[in-house]
Amino acid sequence: MELLAQVEGSLSAVGYGLAAIGPGIGVGIIFASYIQSTARQPESARLTQPFVWVGFAVVEALALLGIAFGFVFG
Amino acid sequence: MGGDAVVAETVVLAQDDLPFPPSVEDFYLPGLFGAYPWITKFTLLVWLAVAAIIIFFLVAYRKPKLVPTFGQWIAESIYGFARKNIAEDLIGHEGVRFAPYLASLFCFILLTNLFGIIPFIQISPNSHIAFPIVLAVISYVLFNYVGIRRYGFARYMKNSLILPAPFFVQPILIPIEFVSTFLIRPFTLAVRLFANMFAGHVILLVFTLGGVVLFNADSIFVKPISLVSWAMAIALTFLEALVAILQAYVFVVLTASYVSGALAEEH
């Protein structure tokens with residue numbers, strides 16, 4: 001069979017790009033909500049800040065799993 | 001036609017002279033002393049971090065003054081931050097007794113993360129998953145231990161697994177809660193820190209070595225792009241500084257919130 005196009009190497013980078021879409025949107029939503037809630041109620045800024053970071057870390061974990069597994073199975 | 005030749009030449013140069021593209025092998029550094037292959041840069045860095053933190057706090061608190069010196073002020077700020085903003089805010093009044101652990105954890109992770117961008121050191125021990133695993137296991141044992149000691153094993157399990165929900169969703173909910181609390185938590189705690197440091201180092205390698213590869217290219221039009229690549233490397237070093245601080249903070253905040261969850265009365 002005649003080869004018309006060929007891809008060499010690993011598709012991990014493309015896969016990771018796809019995997020980062022979800023966490024990207026998620027992290028965006030988290031910070032958007034934090035900004036919005038702080039704008040509505042500035043005195044709650046200190047109160048909600050730890051939850052912002054916890055939520056950010058939990059969502060970001062998905063993207064980081066993508067990096068790790070890209071190398072593990074790549 | 002000429003363009004193709006240049007590209008091919010660039011790739012060959014890269015493979016001959018440089019470890020480009022960066023790979024996992026770049027993280028396995030050789031032993032420092034021939035006879036002891038297990039003494040690597042990472043071993044040295046971890047002991048350096050431990051020694052630096054101990055000496056810094058001992059010196060800062062040796063002669064505490066009412067009007068603090070600069071060193072004492074830094075040490076008090078770090079401990080005060082871990083005690084007030086993390087331990088008391090997240091765990092509550094009884095969180096004060098965890099403040100020493102949280103402060104040491106924060107300092108150790110922060111310093112070992114910052115090794116990733118300090119010139120001539122430029123690799124973080126946390127970019128090997130073994131070190132984050134140990135830290136995560138300590139936190140995992142801690143929050144389970146305080147929970148079990150407070151409530152006893154059976155009630156602790158009941159507190160953490162059975163949520164107030166209708167009985168017919170419990171068969172789904174209990175396995176989910178079990179997996180998320182006792183399996184995913186320590187796993188993500190370790191992998192998050194590891195992956196951030198690993199990815200940060202890989203990104204810096206890509207732009208630094210990529211600059212060298214571009215500079216070695218034959219085409220005069222490709223060479224100047226290496227400056228862009230190195231400028232990116234410098235900019236990303238500052239981003240890595242931010243990530244180093246943020247990940248130390250996130251690790252400690254998550255540990256504190258797990259402890260507070262284990263100590264909480266009911267859901």
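Just one of (1) touching a helix residue (DSSP H, G or I) at 6+ places or on another chain (Cβ under 9 Å); (2) not in a loop (DSSP other than H, G, I, E, B) fails for A:Ala39. It is (1). State yes or no: is B:Tyr151 over 24 Å from B:Ala248 (Cα atoms), surrounded by 13 or more Cβ atoms within 10 Å (Cβ to Cβ) and in contact with a Gly (Cβ under 8 Å, 6 or more places away or on another chain)? Considered against the rule, which asks whether it is over 24 Å from B:Ala248 (Cα atoms), surrounded by 13 or more Cβ atoms within 10 Å (Cβ to Cβ) and in contact with a Gly (Cβ under 8 Å, 6 or more places away or on another chain), B:Tyr151 comes out as no.
Answer yes or no: is there a residue in the range B:140-152 that is more than 22 Å from B:Leu254 (Cβ to Cβ), outside any helix (DSSP H, G or I) and in contact (Cβ under 8 Å) with a residue 12 or more places away in the chain.
As a first pass, look at the range B:140-152 and keep what is more than 22 Å from B:Leu254 (Cβ to Cβ): B:152.
Then keep just the ones that are outside any helix (DSSP H, G or I); that gives B:152.
Checking which are in contact (Cβ under 8 Å) with a residue 12 or more places away in the chain leaves us with none.
No, every residue in the range B:140-152 fails to be more than 22 Å from B:Leu254 (Cβ to Cβ), outside any helix (DSSP H, G or I) and in contact (Cβ under 8 Å) with a residue 12 or more places away in the chain.
Looking at B:Val137, is it at negative phi, modelled with pLDDT of 95 or more, surrounded by fewer than 21 Cβ atoms within 10 Å (Cβ to Cβ) and of a type in the set (A, V, I, L, M)? So B:Val137 fits the description; yes. Being among the small types (Gly, Ala, Ser), farther than 25 Å from B:Leu90 by Cα and surrounded by 14 or more Cβ atoms within 10 Å (Cβ to Cβ) is a condition met by no residue of the range A:37-50.
Can you tell me how many residues in the range B:248-267 are aromatic (Phe, Trp, Tyr) and over 16 Å from B:Ile184 (Cα atoms)? The qualifying residues number 1.
Kindly indicate which of B:Ile129, B:Ile54, B:Ile123 is free of Cβ contacts under 8 Å to residues at least 12 places away in the same chain and more than 30 Å from B:Ala264 (Cβ to Cβ). Testing whether each residue is free of Cβ contacts under 8 Å to residues at least 12 places away in the same chain and more than 30 Å from B:Ala264 (Cβ to Cβ) leaves just B:Ile54. I'd like to know if the range B:63-76 contains one or more residues that are under 30 Å from B:Gly261 (Cβ atoms) and either at pLDDT 90 or above or not in a helix (DSSP H, G or I) (or both). Among the residues of the range B:63-76, at least one is under 30 Å from B:Gly261 (Cβ atoms) and either at pLDDT 90 or above or not in a helix (DSSP H, G or I) (or both), which makes the answer yes. On the basis of being hydroxyl-bearing (Ser, Thr, Tyr), part of a helix (DSSP H, G or I) and either at pLDDT 95 or above or closer than 18 Å to B:Gln122 by Cα (or both), does B:Thr208 make the cut? In short, yes.
For the range A:21-57, residues that are within 11 Å of another protein chain (Cβ to nearest Cβ) and either within 30 Å of B:Pro21 (Cβ to Cβ) or in contact (Cβ under 8 Å) with a residue 24 or more places away in the chain (or both) total 3. Any residue in the range B:171-199 that's more than 14 Å from chain A (Cβ to nearest Cβ): show its pairings with residues that are among the hydrophobic types (A, V, I, L, M, F, W, C) at Cβ separation under 7 Å, as long as the two are six or more apart or on different chains. Close Cβ pairs satisfying both conditions: B:Leu173/B:Leu163; B:Leu173/B:Ala165; B:Ile174/B:Leu161; B:Ile174/B:Ile162; B:Glu177/B:Leu161; B:Glu177/B:Leu163; B:Phe178/B:Leu161.
Apart from one condition, A:Phe71 fits all of (1) within 9 Å of chain B (Cβ to nearest Cβ); (2) at pLDDT below 85; (3) under 21 Å from B:Ser180 (Cα atoms); the exception is (3). Can you confirm whether B:Phe42 is surrounded by 12 or more Cβ atoms within 10 Å (Cβ to Cβ), in contact with a Pro (Cβ under 6 Å, 6 or more places away or on another chain) and not aliphatic (A, V, I, L, M)? For B:Phe42, the condition - surrounded by 12 or more Cβ atoms within 10 Å (Cβ to Cβ), in contact with a Pro (Cβ under 6 Å, 6 or more places away or on another chain) and not aliphatic (A, V, I, L, M) - is met.
Do we find a residue being among the hydrophobic types (A, V, I, L, M, F, W, C) and not in a helix (DSSP H, G or I) anywhere in the range A:7-14? Walk me through how you get there before you give the answer.
Narrowing the range A:7-14 to residues among the hydrophobic types (A, V, I, L, M, F, W, C): A:7, A:11, A:13-14.
Filter once more, keeping what is not in a helix (DSSP H, G or I): A:7, A:11.
Yes, the range A:7-14 has at least one match.
All conditions but one from (1) surrounded by fewer than 22 Cβ atoms within 10 Å (Cβ to Cβ); (2) part of a loop (DSSP other than H, G, I, E, B) apply to B:Gly116; the one that does not is (1).
The values are calculated or read from the model by the stated rules, or taken from the named source; none is laboratory data. Since we're looking at a predicted model, the values are computed, not measured. Cβ sites come from the backbone with ideal geometry, for glycine too, and all protein chains shown count toward neighbours.
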